[in-house]
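Working notes for the structure below.
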Amino acid sequence: MPPQPPSLPKKNSGDDLPGHAKERLEWMQGKGGHKALFTSDLSVNEFLLVKEAGFDPVGLVVGTSIYHIGFQQARWTKNEEMGVLTQALYHARELAMTRMEEEAQELNADGVVGVRLKVKHMSWNSDLAEFVAIGTAVRHRSGDHSYRCANGMPFTSDLSGQDFWTLLRSGYRPVGMVMGNCVYHVAHQSFGQWFKSVGQNVEMTNFTQALYDARELAMERMQTEAEALDAEGIVGVDIYEGNYGWSSHVIEFFTVGTAIVPIRADHHIPTPNLVLSVND
């Protein structure tokens, strides 16, 4: 099993949330003389299906981290993982996720649906990047907190409102977003290798093996996180490929999905309905 980038400890309070974030969260809860209201990035259809599933949106929650990404020298002709860069990107995303979960905890939410992870490099310094996690916190209408994680924190999921509703109707529930990443240096060809391939149809085996290894490392790390949650499987898996302005031979593979567990023995799959769009 490849080494897993160390995970940051989950916090159970919002002590490090900015003051304005706490004010916004308290406002949504109706504190300080304000009327209680929720914010959400759910579409109308997603909002209605989340409500039909027994959950109420309680607020848009956000976590962010501006992270300095260190430097690591790669060997020109060596396929190898860039461990410094791998851990930097992993930790930055984990910090953003943790702070988003803290906001959901402040709202007494049971979970966060529709989570999106974004990365943006700062124009004033190419070594700095902002990592943002954003989603809609939801609370079970009956007050049932069994949907939370084992540590009492809200679950996280990148499933849409429609997929969340379908998952619950089918007898499963999300237990958390899981992710894995790998920053990898793809070796350059030697002059002899380049010369042999000129004008030929031939597989570039060193490139093939490098990208294959990098994807596998990212996937295995995501599976390790799911195992830690005692999940039955992962749904909605996506694999993203990015460069972030490094050398053209340095690339990151990032994989993310939602770990799920069964909530009952029978799994009734709703019968699909034919829907005809009236849009042009």
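The values are calculated or read from the model by the stated rules, or taken from the named source; none is laboratory data. Please read all numbers here as calculations on a predicted model, not as lab measurements. Neighbour counts run over all protein chains shown; Cβ positions are idealised from the backbone, glycine included.
Is it true that SER197 is surrounded by 12 or more Cβ atoms within 10 Å (Cβ to Cβ) and at pLDDT below 85?
Values: surrounded by 12 or more Cβ atoms within 10 Å (Cβ to Cβ): yes; at pLDDT below 85: yes.
Taking the combined requirement at face value, the residue satisfies it.
Residues are listed down the side, and each one gets a yes or a no for (1) of a type outside the set (D, E, K, R); (2) under 23 Å from THR156 (Cβ atoms); (3) touching a Pro at 6+ places or on another chain (Cβ under 9 Å); (4) in a helix (DSSP H, G or I):
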| site | (1), (2), (3), (4) |
| --- | --- |
| GLN223 | yes, yes, no, yes |
| VAL237 | yes, yes, no, no |
| TYR240 | yes, yes, no, no |
| VAL261 | yes, yes, yes, no |
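Restricting the search to region 225-264, which residues are of a type in the set (A, V, I, L, M) and without any contact (Cβ under 8 Å) to a residue 12 or more places away in the chain? Scanning region 225-264 gives a single hit, ALA228. Residues that are in contact (Cβ under 8 Å) with a residue 40 or more places away in the chain and either under 21 Å from the mean Cα position of the chain (by Cα) or within 16 Å of GLY111 (Cα to Cα) (or both) within region 40-51 comprise SER40, ASP41, LEU42, SER43, GLU46, PHE47, LEU49, VAL50, listed in sequence order. Candidates are the residues of region 242-259 that are assigned to a strand (DSSP E or B) and among the hydroxyl-bearing types (Ser, Thr, Tyr); the one that is farthest from VAL178 (Cα to Cα) is THR255.
Name every residue in region 105-131 that is of a type in the set (A, V, I, L, M), surrounded by 20 or more Cβ atoms within 10 Å (Cβ to Cβ) and within 20 Å of the chain's Cα centre (by Cα), in order of residue number.
Within region 105-131, ALA109, VAL112, VAL113, VAL115, LEU117, ALA129 meet the criteria.
Taking the numbered list (1) touching a strand residue (DSSP E or B) at 6+ places or on another chain (Cβ under 7 Å); (2) modelled with pLDDT under 90; (3) within 29 Å of TYR212 (Cβ to Cβ); (4) surrounded by fewer than 23 Cβ atoms within 10 Å (Cβ to Cβ) in turn, VAL84 passes all entries but (1).
Tell me whether region 14-30 contains one or more residues that are within 24 Å of the chain's Cα centre (by Cα), at pLDDT 85 or above and not basic (Lys, Arg). Yes.
Taken over region 235-263, the criterion of being under 19 Å from TRP165 (Cβ atoms) and hydrophobic (A, V, I, L, M, F, W, C) is satisfied by VAL235, ALA259, ILE260, VAL261, ILE263. The numbered conditions (1) part of a helix (DSSP H, G or I); (2) at pLDDT 95 or above; (3) hydrophobic (A, V, I, L, M, F, W, C) are all true for ALA210 except (2).
Do we find a residue being assigned to a helix (DSSP H, G or I), within 23 Å of ARG24 (Cβ to Cβ), among the hydroxyl-bearing types (Ser, Thr, Tyr) and at pLDDT 90 or above anywhere in region 120-136? Talk me through it step by step, then tell me what you get.
Going residue by residue through region 120-136, those that are assigned to a helix (DSSP H, G or I) are none.
No, there is no match, as no residue in region 120-136 is assigned to a helix (DSSP H, G or I), within 23 Å of ARG24 (Cβ to Cβ), among the hydroxyl-bearing types (Ser, Thr, Tyr) and at pLDDT 90 or above.
Against the list (1) touching a helix residue (DSSP H, G or I) at 6+ places or on another chain (Cβ under 7 Å); (2) within 30 Å of VAL84 (Cβ to Cβ); (3) at pLDDT below 95, the condition VAL178 fails is (3). For region 13-44, filtering for residues that are on the phi > 0 side of the Ramachandran plot and surrounded by 10 or more Cβ atoms within 10 Å (Cβ to Cβ) leaves 1. Identify all residues within region 137-172 that are more than 24 Å from GLU102 (Cβ to Cβ) and assigned to a strand (DSSP E or B); write none if there are none. TYR172 - this is the single residue of region 137-172 that is more than 24 Å from GLU102 (Cβ to Cβ) and assigned to a strand (DSSP E or B). If we keep just the residues of region 222-280 that are crowded, with 20+ Cβ neighbours inside 10 Å and among the charged types (D, E, K, R), which is nearest to the chain's Cα centre (by Cα)? Taking the candidates together, the pick is GLU225.
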